[in-house]
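Inspection log for the structure reproduced underneath, given as structure tokens.
The values are calculated or read from the model by the stated rules, or taken from the named source; none is laboratory data. Fair warning: this is a prediction, and the values are worked out from it, not measured in the lab. A quick note on method: Cβ atoms are made from the backbone with ideal geometry, for glycine too, and the neighbour counts reach across all protein chains shown. Note: areas computed on protein heavy atoms with side chains; ligands, DNA, RNA excluded. Shrake-Rupley method; radii C 1.70, N 1.55, O 1.52, S 1.80 Å.
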Amino acid sequence: MEYRGYDSSGIALFDQGKLTVVKKQGKLGNLTAVLSGKEFNSTVGLGHIRWATHGEPTDQNAHPHVDCGHKFAIVHNGIIENMAELKSRLKRDGHVFTSQSDSEIFAHLIEKNYHGNLVQAVKQTLLEVKGAYGLGVISAAEPDKIVAARLGSPLVLGILPEQEGFLVASDVAAMLPFTKEVVYLEDGELVEITGEQYSISNGKTRLDKRDSQTVDWDLAEAEKEGYEHFMLKEIMEESKVVVESMRGRVLPDEGNVKLGGLIDVMPQLASAKRIIFVACGTAHYACRIGEYLIESQVGLPVEVEYASEFRYSEATLDQGTIVIAISQSGETADTLAAIRHAKKLGALTLGIVNVVGSSVSRETTAGIYNHVGPEISVASTKAFVSQLVILVLLMVLLGRQRRMTVDRAKEILRELGQLPGKIKEILQQQEVIQEIAKRYAASTNFIFIGRKLNYPIALEGALKLKEISYIHAEGYPAGELKHGPLALIDQTWPVVALIPQDSVYEKTLSNLQEVKARQGKIIALATVGDTQVKELAEQVIYLPKTLEILTPILNVVPLQLLAYYIAKERGCPIDQPRNLAKSVTVE
Ligand code: F6R
């Protein structure tokens, strides 16, 4: 399961009846090196590979976590939203924490709730925890047992052949070297496993035995959950990504947001006079949408710089300037250099980062994590969607400190909450998009056009296409075509047009007329119910209606799918395009 995260790992088992935990920072090899040559005689155990969400990737923060009495060990995927409240209550009761991980709370809560029955203790604990979990628990008090439960994080039970026992894991991939017979657990279910049997319950009720299923994937396929490429899997996760990026951060009744990582800098945010975003590639395009969002809704001046340029800039910064770096990996050398440069010039630096404990997160004063799990494919997709969601949340936070009304904030947050369903609707159109891709896969040039917030999406659509299909593609503001690029257009040029029903709809329609008059082949992304665009376009992909400021989050999804399917038609190595790397740690 190393592909799911790789910043630390650990195991817990019983060594002559004593709970033993071994954990190590870094790649799995570090743990196996420590364990090599050791022998244990344990019939139950837990293992975990960590993708940090709270606390840096250190030995202490690695899983399994144990309670004060060293009687219970847990592994946890997911996130505890009411961590602060639970932790302070447990501390008041005398529990001593040894890590910064939210997951450690499970071990202490189970210790507190244990009165001779492990299953009951886990059930009581789950009632107290808000958030998402795939949880595994063992205890020295009942050493023949594993208890596991899920809510919002996956969990699968594997049945070993010849009644040799059971496995439980957060991914079917982990099972395949041992068994292909599995039982998928549903949200809210808990499973109790002993040597001979297992029983699944749902809250208070014990459920009937569920039929197992036989998995017919091989290991490589299973890591991708049956998808041919990580890129497609990651695009398909985007509806969930919106939920994960918002989880625990929206205060619907107050029309506001709570961004835990920014609490310490709230006064500086309130008095900020200017924001400068720095980032590279896809993250840079997210910044350019952030610029529109914050300038239009908050009224703060915003500039966006390529990190690789900003690092050499001679700009004057002062304490009223906040420099915000956006980076999926948190290790991009140019972005890091830009932060260091900003600090030297006296600005407060913040980060919007996916990889917890990465260099950008460590070197900025405060920040916001995406919390969307590892992005494996080199082409960034789900991280971009998450970056946009976080920028909307940041916009609301800054707006509410200034001129944004409660009602407007509520409207935005309500609509943001509708996006997961709308993204699902778009993803269901993948076959339509695949057909379009087939038709244009042999083209040698593409132009993507959009206006306002969707101009950066045009840039991102072009970047996705060029990086994975090696087709020349450019993004342009739709109104700019007539100032030069229109000279290129003829019947061989596909023009991908972003034309939601927004404040510049009519203007973009005129721009499409100009393309059509030059015989350009228009592929349009329009709003459901639109009747005019199809008069001009060869193909139209219809997207659900949303607020103008949220249209980029929907529009990017079909463009990612289009790039994916075109690259697939062309037989390109989609997850690892030539000449590129996932994390660009050189200048
Ligand atoms: C494009 C892509 C790159 C990255 C860029 C920044 O699909 O993945 O353009 O967005 O290299 O990377 P991070 O976000 O890790 O700083």
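Return the residue satisfying two criteria in turn: it lies in the stretch 249-272 and is touching a strand residue (DSSP E or B) at 6+ places or on another chain (Cβ under 7 Å) and assigned to a loop (DSSP other than H, G, I, E, B), and of such residues it is nearest to Pro558 (Cα to Cα). Result: Arg249. Could you look through the stretch 355-367, keep only residues that are of a type outside the set (A, V, I, L, M) and in contact with a Gly (Cβ under 7 Å, 6 or more places away or on another chain), and pick out the one that is nearest to the ligand (Cβ to nearest atom)? Checked the stretch 355-367; the qualifying residue nearest to the ligand (Cβ to nearest atom) is Ser358.
There is no residue in the stretch 317-325 that is under 27 Å from the mean Cα position of the chain (by Cα), within 16 Å of the ligand (Cβ to nearest atom) and on the phi > 0 side of the Ramachandran plot. In the set Arg403, Arg439, which member is open to solvent by 10 Å² or more (accessible area, probe 1.4 Å) and either under 30 Å from Trp493 (Cα atoms) or modelled with pLDDT of 95 or more (or both)? On inspection, the qualifying residue turns out to be Arg439. Checking each residue in the stretch 368-386 for being near the ligand (Cβ under 8 Å from one of its atoms) and closer than 20 Å to Ile324 by Cα picks out Ser380, Ala383, Phe384. Selection within the stretch 460-470: residues that are under 14 Å from Pro573 (Cα atoms) and of a type outside the set (Lys, Arg). The member of this set that is nearest to the ligand (Cβ to nearest atom) is Glu467.
All conditions but one from (1) closer than 18 Å to Leu562 by Cβ; (2) crowded, with 17+ Cβ neighbours inside 10 Å; (3) not hydroxyl-bearing (Ser, Thr, Tyr) apply to His472; the one that does not is (2). Here is the figure for the stretch 521-547: residues that are within 23 Å of the chain's Cα centre (by Cα) and either under 18 Å from Tyr440 (Cβ atoms) or of a type outside the set (A, V, I, L, M) (or both) total 2.
Taking the stretch 1-53 and the strands (runs of 3 or more DSSP E) fully enclosed by it, the elements with 2 or more residues that are in contact with an Asp or Glu (Cβ under 8 Å, 6 or more places away or on another chain) and touching a residue at least 12 places away in the same chain (Cβ under 8 Å) are at 18-25, 45-50. From the list Ile294, Ile275, the lone residue that is part of a helix (DSSP H, G or I), crowded, with 21+ Cβ neighbours inside 10 Å and away from the ligand (no atom under 16 Å from the Cβ) is Ile294. When only residues in the stretch 65-89 that are in contact with a His (Cβ under 6 Å, 6 or more places away or on another chain) and in contact (Cβ under 8 Å) with a residue 60 or more places away in the chain count, which is nearest to Asp144 (Cα to Cα)? Once the filter is applied, the top-ranked residue is Ile74. Evaluated against (1) on the phi > 0 side of the Ramachandran plot; (2) surrounded by fewer than 17 Cβ atoms within 10 Å (Cβ to Cβ), Arg408 falls short on exactly one condition, (1). Only one entry in Ser583, Ser503, Ser510 is within 16 Å of the ligand (Cβ to nearest atom), among the polar types (S, T, N, Q) and either not assigned by TED's automatic domain parsing to the domain that holds Arg408 or not in a helix (DSSP H, G or I) (or both), namely Ser583.
Counting only residues that are under 22 Å from Leu419 (Cα atoms) and of a type in the set (A, V, I, L, M), the stretch 505-543 holds 7 of them. Of all residues assigned to the stretch 520-532, at least one qualifies as being among the small types (Gly, Ala, Ser), over 22 Å from Leu488 (Cβ atoms) and open to solvent by 10 Å² or more (accessible area, probe 1.4 Å).
If you check Leu127, Leu90, Leu135, Leu109 for being surrounded by fewer than 18 Cβ atoms within 10 Å (Cβ to Cβ), assigned by TED's automatic domain parsing to the domain that holds Gly17, among the aliphatic types (A, V, I, L, M) and not in a loop (DSSP other than H, G, I, E, B), only one passes: Leu127. Taken over the stretch 515-534, the residue count meeting the criterion of being over 26 Å from Gln429 (Cβ atoms) and either in a loop (DSSP other than H, G, I, E, B) or at pLDDT 95 or above (or both) is 2.
If I filter the stretch 340-351 for residues that are open to solvent by less than 10 Å² (accessible area, probe 1.4 Å), within 13 Å of the ligand (Cβ to nearest atom) and touching a residue at least 40 places away in the same chain (Cβ under 8 Å), do I get at least one hit? No, the stretch 340-351 contains no residue that is open to solvent by less than 10 Å² (accessible area, probe 1.4 Å), within 13 Å of the ligand (Cβ to nearest atom) and touching a residue at least 40 places away in the same chain (Cβ under 8 Å).
Within the stretch 305-321, one or more residues are aromatic (Phe, Trp, Tyr) and buried (at least 19 other Cβ atoms within 10 Å of the Cβ). Would you call Gly116 more than 24 Å from the chain's Cα centre (by Cα) and under 25 Å from Thr20 (Cα atoms)? Considered against the rule, which asks whether it is more than 24 Å from the chain's Cα centre (by Cα) and under 25 Å from Thr20 (Cα atoms), Gly116 comes out as yes.
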